[in-house]
Ligand SMILES: Nc1ncnc2c1ncn2[C@@H]1O[C@H](COP(=O)(O)OP(=O)(O)OP(=O)(O)O)[C@@H](O)[C@H]1O
Ligand SMILES: [Mg+2]
């Protein structure tokens with residue numbers, strides 16, 4: 001198998017008007033093989049969407065090298081990048097992002113008509129086939145608001161496949177569906193991955209979704225921690241470690257919020273505020289240490 005995606009030492013820094021910088025990715029190395037179905041997991045803000053956007057050519061890294069489908073897109077010009085995206089990558093989003101004024105068929109046709117590679121009659125035929133493939137052959141002329149969430153996501157998946165991309169990237173594709181709807185979308189993605197031999201990379205917060213992929217990439221704080229293979233019966237000790245890590249991270253998130261709440265005391269009770277900051281800093285250090293220990297044992 002050759003690689004669909006190769007990332008070398010990817011860093012992404014968002015520079016917020018020169019005052020504050022956010023290091024969203026800090027040295028990510030990752031390879032994804034052709035035909036793999038990979039999930040990316042990790043706490044909110046750890047850089048999952050940033051990573052997907054860089055893979056999909058929606059954003060450039062600050063540093064590092066991005067090779068997708070054998071093409072080095074690292075510092076590709078926006079015009080070329082747009083062509084690369086439309087020909088090679090399909091996108092699926094949490095909230096479907098269908099055009100509300102177009103029917104299911106027109107939504108799926110749209111990327112083909114924009115690409116101008118197929119005559120209009122052919123694009124209609126292909127869109128119909130794709131909607132049949134996602135089992136929506138009987139809903140071709142429905143508007144998005146006449147479809148259930150799961151059905152809208154199936155239209156979005158058909159649209160992602162419109163220009164026959166080699167890679168489909170999906171940012172929380174089941175995030176706004178209930179567990180049954182989410183499982184159905186995952187079964188469809190598994191089916192398409194297997195039958196069409198396309199590479200799928202999806203971000204999820206749901207361990208049940210991750211279990212339905214070949215490999216899980218675990219991220220934390222802008223870095224890749226480890227990758228696991230759920231379908232090959234990985235011992236659950238990793239799951240337990242992940243759960244502990246989630247709990248520690250949740251407390252750290254809570255500490256940050258709590259500290260913001262304390263700020264009302266800065267003026268009236270500066271001493272109390274300072275004491276609180278000291279306490280929080282102490283606890284923060286403990287949590288960081290525990291996280292580091294977990295990583296060593298993983
Ligand atoms: N355009 C931007 N400008 C500035 N900072 C950004 C931008 N996009 C993302 N960030 C910051 O980069 C970090 C990573 O964000 P990202 O959206 O990749 O996280 P995520 O893992 O996808 O989170 P979630 O699970 O909540 O979707 C966050 O701290 C976020 O605030
Ligand atoms: Mg995100």
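Numbers for the structure displayed
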read-out: Most mobile of 126, 215, 154 in a GNM of the chain (Cα contacts under 10 Å); value: 126
read-out: GNM result for the chain, Cα springs below 10 Å: residue of 25, 120, 202 fluctuating most strongly; value: 120
read-out: Added length on full extension, which subtracts the Cα-Cα distance from 0.36 nm per residue, residue 148 to residue 8; value: 46.4 nm
read-out: Helix-only mean residue ellipticity at 222 nm for the chain, each DSSP H run of n ≥ 4 adding -39500 (n - 2.57), per residue, nearest 500; value: -15000 deg cm²/dmol
read-out: Stretchable slack from residue 271 to residue 87, in nm (0.36 nm times residue separation minus alpha-carbon distance); value: 60.2 nm
read-out: Residue of 178, 275, 206 that the Gaussian network model of the chain assigns the largest fluctuation, springs spanning Cα pairs under 10 Å; value: 275
read-out: Antiparallel %, DSSP beta bridges [both residues in the chain], to 5; value: 60 percent
read-out: Projected label distance in nm at residue 255 and residue 121, using a 7 Å step from Cα toward the beta-carbon; value: 6.8 nm
read-out: Distance (nanometres) between label positions extended 7 Å along Cα→Cβ at residue 282 and residue 101; value: 6.2 nm
read-out: Relative contact order (%) - the chain, alpha-carbon pairs under 8 angstrom, separation at least six; value: 21 percent
read-out: Between 0 and 90°, nearest 10: helix 237-262 axis offset from the chain longest Cα axis; value: 60 degrees
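Coordinate-derived values only; no laboratory data. Predicted model, so just to flag it, every value in this text is computed and none were measured. Positions of Cβ are generated from backbone atoms using ideal geometry, with glycine treated the same way; all protein chains shown enter the neighbour counts.
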